[in-house]
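Structure first, commentary second.
The values are calculated or read from the model by the stated rules, or taken from the named source; none is laboratory data. Keep in mind that what you see is a predicted model, and the values were worked out from it rather than measured. Here the Cβ positions follow ideal geometry from the backbone for every residue, glycine too, while neighbour counts run over all protein chains shown. With ligands, DNA and RNA removed, areas are computed over all heavy atoms of the protein, side chains included. Shrake-Rupley method; radii C 1.70, N 1.55, O 1.52, S 1.80 Å.
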Amino acid sequence: MTDEALNDLTEFHWMMDMLQTVDVGLVVLNREFEINLWNGFMESHSGLLPSQVRGKSLFALFPEVNEAWFRNKARPVFELKNRAFIIWEQRPFLLRFPNYRPITGTEDYMYQNITLSPLVSTTGKVENICMMIYDVTDVAVGKKVLESTQVILSELNEKVAEKTVPANRVND
Amino acid sequence: MYSVLICDDSLVARKQVAKCLPEDWEVAVHFAKHGEEAIAALKEGKGQLLLLDLNMPVMDGYQVLETIQAQGLKTTVIVISGDIQPEAHERVKRLGALDFIEKPIKPATFEKLLVKHRITQNQQEQDKPELASLDPEIRDIYQEITNIAMGQAGDHLARILNVFVKLPIPNVNLIEASELHMMLQDIEDKDTVSGICQGFVGPGICGEALFILSDSSFNDVAKILNISEEVDDQMQLELLMDAANILIGTCLNGLASQLDMHFSQGHPEVLGQHRNITELININKTRWRRTLAIELSYGLEGYQVHCDLVLLVTEESMETMNNKLSHLLED
């Protein structure tokens, strides 16, 4: 093997390593929504090996995904080369993965933010899209706690206001 | 500088009113303990705006208003009082007061009133006219590249949604935080709205896209996107996200390609549903003072859909953008 070829191979190797270990789910889907790439994050959380999912339809593997809805989301990505975003407020999760912290966490499932991003081929067409799944469980739990605190606080505020307003009026 | 005179016999009340002045409003605040002090201060020119209590010793609020009228003193008066009888309300208006606020005063209501009577705006116009201006040549360029991006976006939309998009003329301005309120004020008057904001960054450029959809549009948006289910809150969020994804995405793609760069987009953030504009913007009000705003109002032919897309870019980013666009300026 020439030095150049060896360098290329080394580079490819560490790039793959990066894709595998990054703490974000990466899935490459073609126009038929068949899986081309399934990284380490997806493997650990779903328990499915890349060899088990490659070439299979996302909808066949995960019946919890609403097919018509998801195709609709992906349409502008294929046709407009646009990115599409799905946030947890909209749908808490796309794929039912268990919470990363099963012991100290308060939620059963992982809240997910999802980006669908076009992958443009050498011919300039979008043949594949990349789905990135982010774990936002902490953010979601934090926001829910904050909201319930705000409700309690405003209730307390109202009670306090009811008691103090008459006193103010006497002074005026 | 604009001057505000707060007249109240209670120290607590004076402090409370002073605290309610908008934080980003540069004003000189003066105080008066009763009417006589207030009149003296007005004569010294301390008080383009007078915030006046009614019940006070020495000289009360009604007498102050009478004196102002009799002596022709130049000031704008807003009465702040706990006396909530309609008669009091009527009387102060007859005596020339601009408006009436009940005690205890709330910052939000107060600010709304200032915006409504264009008091904060006047101050900005008087003090810093240069801030609102943008080099006409630069404005032209931004308007042009947005037009091109819009053309592409409109074409994309028309194809994917099967609708005819009435292309808006982009409105390009350098604006301040408080001006954004006014810019969006007319939307608020008509309807409640829902909003999405999404950050974007490119090399040397960062900004935010603000997408605002009026609540009355949802039924028609559902029709366009072929949704047959009932449009409840959850569905509205879906529609809002879909519409925002398409509009923000196509517009940013169009701009990025002309600037020959690539923007990364953060995850969209829901600003709130069924809120009024002031509430939506208040959240981030203090973080920025001045930005470049590109405002686009969309309409769809044959549908009751009204949405606004506002692209806000930080002042620092403009340098990079101007450099990238400098070739358009060359002869």
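Is it the case that the stretch B:312-319 has a residue that's modelled with pLDDT of 80 or more, in contact with an Asp or Glu (Cβ under 7 Å, 6 or more places away or on another chain) and assigned by the TED database to the domain that holds B:Q143? Yes: one or more hits.
Selection of the stretch A:61-70 for residues being loosely packed, with under 13 Cβ neighbours inside 10 Å and either touching a residue at least 12 places away in the same chain (Cβ under 8 Å) or over 18 Å from the mean Cα position of the chain (by Cα) (or both) yields A:E64, A:A68.
Each residue in the stretch B:260-309 was checked for being out of contact with any Ser or Thr (no Cβ under 7 Å at 6 or more places or on another chain), among the β-branched types (V, I, T) and either open to solvent by less than 10 Å² (accessible area, probe 1.4 Å) or at pLDDT 75 or above (or both), and 2 of them qualify. Put simply, of A:V145, A:V165 the only residue that is on the phi < 0 side of the Ramachandran plot and either buried (at least 17 other Cβ atoms within 10 Å of the Cβ) or at pLDDT 85 or above (or both) is A:V145.
Within the stretch B:16-74, the set of residues being of a type in the set (S, T, N, Q) and within 14 Å of chain A (Cβ to nearest Cβ) comprises B:Q16, B:N55. Out of the residues in the stretch B:75-104 meeting the condition of being of a type in the set (D, E), open to solvent by 40 Å² or more (accessible area, probe 1.4 Å) and away from chain A (no Cβ under 14 Å), tell me which one is farthest from the chain's Cα centre (by Cα). Among those that are of a type in the set (D, E), open to solvent by 40 Å² or more (accessible area, probe 1.4 Å) and away from chain A (no Cβ under 14 Å), it is B:E87.
Among residues of the stretch A:80-95 being within 21 Å of A:I129 (Cβ to Cβ) and open to solvent by 20 Å² or more (accessible area, probe 1.4 Å), the one that is farthest from the other protein chains (Cβ to nearest Cβ) is A:F93.
Scan the stretch A:99-117 and give yes if some residue there is modelled with pLDDT of 90 or more and over 17 Å from the mean Cα position of the chain (by Cα), otherwise no. Scanning the stretch A:99-117 turns up no residue that is modelled with pLDDT of 90 or more and over 17 Å from the mean Cα position of the chain (by Cα).
Assess whether B:Y62 counts as being under 24 Å from B:E176 (Cβ atoms), in contact with a Leu (Cβ under 8 Å, 6 or more places away or on another chain), in a helix (DSSP H, G or I) and modelled with pLDDT of 85 or more. So B:Y62 does not fit the description; no.
Just one of the listed residues (A:L80, A:L6, A:L19, A:L26) is touching a residue at least 24 places away in the same chain (Cβ under 8 Å) and of a type in the set (A, V, I, L, M), namely A:L26. Name the residues in the stretch B:310-324 that are surrounded by fewer than 17 Cβ atoms within 10 Å (Cβ to Cβ) and β-branched (V, I, T), would you? Correct list: B:T314 only. Remark: pairs (first residue in the stretch B:231-254, facing chain A (nearest Cβ under 7 Å) and free of Cβ contacts under 8 Å to residues at least 24 places away in the same chain; second residue part of a helix (DSSP H, G or I) and buried (at least 23 other Cβ atoms within 10 Å of the Cβ); Cβ separation under 8 Å; 6+ apart in sequence or on different chains) = B:N245/A:P76; B:G249/A:P76; B:G249/A:L80.
Tallying residues that are within 14 Å of chain B (Cβ to nearest Cβ) and assigned to a helix (DSSP H, G or I) within the stretch A:56-79 yields 12. Among the residues of the stretch B:80-113, write down those that are more than 16 Å from B:L21 (Cβ to Cβ) and part of a strand (DSSP E or B). Correct list: B:S81, B:F100, B:E102. Take the conditions (1) open to solvent by less than 20 Å² (accessible area, probe 1.4 Å); (2) touching a helix residue (DSSP H, G or I) at 6+ places or on another chain (Cβ under 9 Å); A:Y111 misses just one of them, which is (1).
Here is the figure for the stretch A:114-131: residues that are surrounded by fewer than 20 Cβ atoms within 10 Å (Cβ to Cβ), touching a strand residue (DSSP E or B) at 6+ places or on another chain (Cβ under 7 Å) and away from every other protein chain (no Cβ under 13 Å) total 5. Out of curiosity, is A:Q52 within 14 Å of another protein chain (Cβ to nearest Cβ), over 20 Å from B:I248 (Cα atoms) and touching a strand residue (DSSP E or B) at 6+ places or on another chain (Cβ under 9 Å)? No: the conditions fail for A:Q52. If the condition is being open to solvent by 10 Å² or more (accessible area, probe 1.4 Å) and not acidic (D, E), then the stretch A:18-32 contributes A:M18, A:L19, A:Q20, A:T21, A:V22, A:V24, A:L26, A:V28, A:N30, A:R31.
What do you reckon, is B:E23 acidic (D, E) and outside any loop (DSSP other than H, G, I, E, B)? Here the answer is no, as B:E23 does not meet what is asked. Just one residue in the set A:A161, A:A140 is in contact (Cβ under 8 Å) with a residue 24 or more places away in the chain, of a type in the set (A, V, I, L, M) and part of a helix (DSSP H, G or I); that residue is A:A140.
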